[in-house]
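Encoded as structure tokens, the structure appears first; notes follow it.
The values are calculated or read from the model by the stated rules, or taken from the named source; none is laboratory data. Source: prediction; values computed, not measured. Note that each Cβ is placed from the backbone with ideal geometry, even for glycine, and that neighbours are counted across all protein chains shown. In case anyone asks, the SASA skips ligands and DNA or RNA and just uses the protein heavy atoms, side chains included. Shrake-Rupley method; radii C 1.70, N 1.55, O 1.52, S 1.80 Å.
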Amino acid sequence: MRVLLIEDDNAIAEPLAEGLGRYGFVIDRVGTGAAALAAPVPDMVLLDLGLPDMDGIDVCRTLRTRSRAPIIMITARGDETDRVVGLELGADDYLSKPFGIRELVARMRAVTRRAHLTDTTAHDMTPGDGVRPVRSAPQRVGDLVIDRRTRKVHVAGEHVALAPKEFALLALLCEDPGAVYSRQHILDTVWDPNYFGPTKTLDVHIAALRRKLGSPAWIETVRGVGFRLTAPGAGGEDHR
Ligand code: CA
């Protein structure tokens, strides 16, 4: 995967490029917005919002008009307005400095998974119905069917009524059935990166979801880490 790293600060860019290289990413490094816009279209973009020649938000906007490659913004702490504007302009996620390479790689993998899910549904479109928006086809995991477009969930053909957060939580776990999602990642994604409420809230929602899905086996607790979705009766083998 070719990653365009747009960062003017060498003290950050160098170790970042080296670290990501160890994870197998091919890094193209640029230090200005102009160079970023002149670079070949990559598979993913890491965009520092504080650039010397252009507003990073404008770089984000222009890149988005050209390609659907995931964009992760890198921001200084406190740039909340920029983060919100960037997300509205089509950035996929953001990370506040300072951050660890493992956290960045986890975010990169997550946005890649989401992009692939969207791509798959885009390919489902047949020629001629281009006026219809790209939509997500319902996803099936064992007996469970989740339709992100209509926000409806069925288990063994029975409709399951979920509260908005319960639906968001289930939709997240369904992005990669069998994969473990950490408590922090779930709180950041389903709630808010600045969620400071009791983490007990998450357990309450997990309990409600298990009850509504009809079996606690749907959501496995991975002690000390988080949760993962498993279709009951799948026996822990091939979840993918
Ligand atoms: Ca900078």
Review point. Only one residue in 200, 165, 152 is at pLDDT below 85, open to solvent by 70 Å² or more (accessible area, probe 1.4 Å), among the charged types (D, E, K, R) and not assigned by TED's automatic domain parsing to the domain that holds residue 96. Which one?
Key: 200
Exercise for review: Considering (1) modelled with pLDDT under 90; (2) within 16 Å of the ligand (Cβ to nearest atom); (3) open to solvent by 20 Å² or more (accessible area, probe 1.4 Å), say which one residue 41 fails and leave the rest.
Suggested key: (2)
**Study point:** Which listed residue is hydrophobic (A, V, I, L, M, F, W, C), more than 26 Å from residue 180 (Cβ to Cβ), open to solvent by 50 Å² or more (accessible area, probe 1.4 Å) and not assigned by TED's automatic domain parsing to the domain that holds residue 182, from 34, 106, 13
**Key:** 34
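Out of all the residues in region 69-84, which are in contact with a helix residue (DSSP H, G or I) (Cβ under 7 Å, 6 or more places away or on another chain) and surrounded by fewer than 22 Cβ atoms within 10 Å (Cβ to Cβ)? Write out each step before concluding.
Initially, region 69-84 is screened for residues in contact with a helix residue (DSSP H, G or I) (Cβ under 7 Å, 6 or more places away or on another chain), giving 70-73, 75, 82.
Selection gives 72, 75, 82.
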Check your understanding: Can you name the number of the only condition in (1) under 24 Å from residue 98 (Cβ atoms); (2) touching a Ser or Thr at 6+ places or on another chain (Cβ under 6 Å); (3) away from the ligand (no atom under 14 Å from the Cβ) that residue 28 fails?
Key -> (2)
